[in-house]
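No value in this document is a laboratory result; all are computed from the given coordinates. Computed from a predicted model, the values in this text were never measured in an experiment. Using ideal geometry, Cβ is built from the backbone for each residue, glycine included, and neighbour counts are taken over all protein chains shown.
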Amino acid sequence: MSNIHFEENCFYCEHNEIQKDKMSEVRKLDISTLYLNHDQTHRGRAIVALNGHVNEIFELTETERKRFFDDVSIVASILKNTFLADKVNYGIYGDMVSHLHVHLVPKYKDDIDFGDAFINNPKDLIPINEMQRAKLIENFNDALEKIK
Ligand SMILES: [Zn+2]
C-alpha cells in the first residue's frame, strides 16, 4: 500500500510562495515533478520532487521507487546530453524539508566545485532573469519531448 500523502506546511505539497521563490515548475514527470532551481550557480541545476509526500525512500513501494528513480534518471540524462555536464551530482537531504526530492546538480570540469561537493545553499546565489529561466525550461521541455 502506498504511503504517499499530503502533508500540511510542506512547500512541495502546498506549492506555495516559499516554493515559487526557490524554483519554477518545468513539468510533471511520471510520479514526480521537475523543477528548475532558481539558483543557477551550476547551469541546469534542477530538482525532482515526488508528487505527494514521503520522508524516506524506504516508504515508497518497490514500483513507486522504480518510477521515481526512472524520473531522476531521465533528468540526469538531459543534464549530461543536453546541458553537456561532465558529471551529474545528486543530493537527497531533507533535514528541514523532508518531502522526498533529489537535487540534480550538473558539474562542469572548468567550473565551480568540480571535484568537490556542491554547496546546497550557497551564500552568493547566481539567480537568473525571466528570459534565462524561460530558455532553460524550454531546453528541458525540448529534451523531454525527444525522450518520449
Ligand atoms: Zn510534502
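Annotations
- Over the chain, the pair-distance histogram of Cα-Cα distances with 5 Å bins from zero comes to 2, 9, 19, 23, 21, 16, 8, 2, 0, 0 percent, rounded to whole numbers.
- Only Lys, Arg, Asp and Glu carry charge here, each on its Cβ (+1 for the first two, -1 for the last two); on that basis region 11-147 has a dipole of about 320 debye about its Cα centre.
- Charge dipole (region 11-147, unit charges on Cβ, about Cα centre) - positive-most of Gly91, Leu79, His15: Leu79
- Under a model in which nothing but the beta-carbon of Lys, Arg (+1) and Asp, Glu (-1) is charged, region 84-148 shows a dipole of about 180 debye around its Cα centre.
- Computed E for Asp21/Thr61 - FRET, C-beta separation, R0 30 angstrom, nearest 0.05: 0.40
- Debye log10 I(q)/I(0) at q = 0.14, 0.19, 0.28 Å⁻¹ for region 1-40, Cα point scatterers: -0.36, -0.63, -1.05
- Working note: 222 nm ellipticity from helices only, DSSP H runs with n ≥ 4, each -39,500 (n - 2.57), summed and divided by the residues of the chain, gives -10000 deg cm²/dmol to the nearest 500.
- Summing charges over all other residues whose Cβ lies under 14 Å from the Cβ of His42, with Lys and Arg as +1 and Asp and Glu as -1, gives -1.
- Amide H to amide H, with H built 1.01 Å from N, Ser32 comes under 5 Å of Asn51, counting only residues 5 or more places away or on other chains.
- Measuring against 24 Å, Cα to Cα, the residue pairs Lys66/Lys87; Lys28/Lys80; Lys28/Lys109; Lys28/Lys66; Lys22/Lys66 contain Lys28/Lys109; Lys22/Lys66 as the ones spanning a longer distance.
- Region 7-108: GluC sites (Glu not before Pro) falling in loop per DSSP and having at most 10 other Cβ within 10 Å: Glu8
- Rounded tilt (10° steps) of 62-81 against the dominant C-alpha axis of the chain: 10 degrees
- Applying the criteria of a DSSP loop state and at most 10 other Cβ atoms within 10 Å to the trypsin sites (Lys or Arg not before Pro) of region 87-133 yields Lys109, Lys123.
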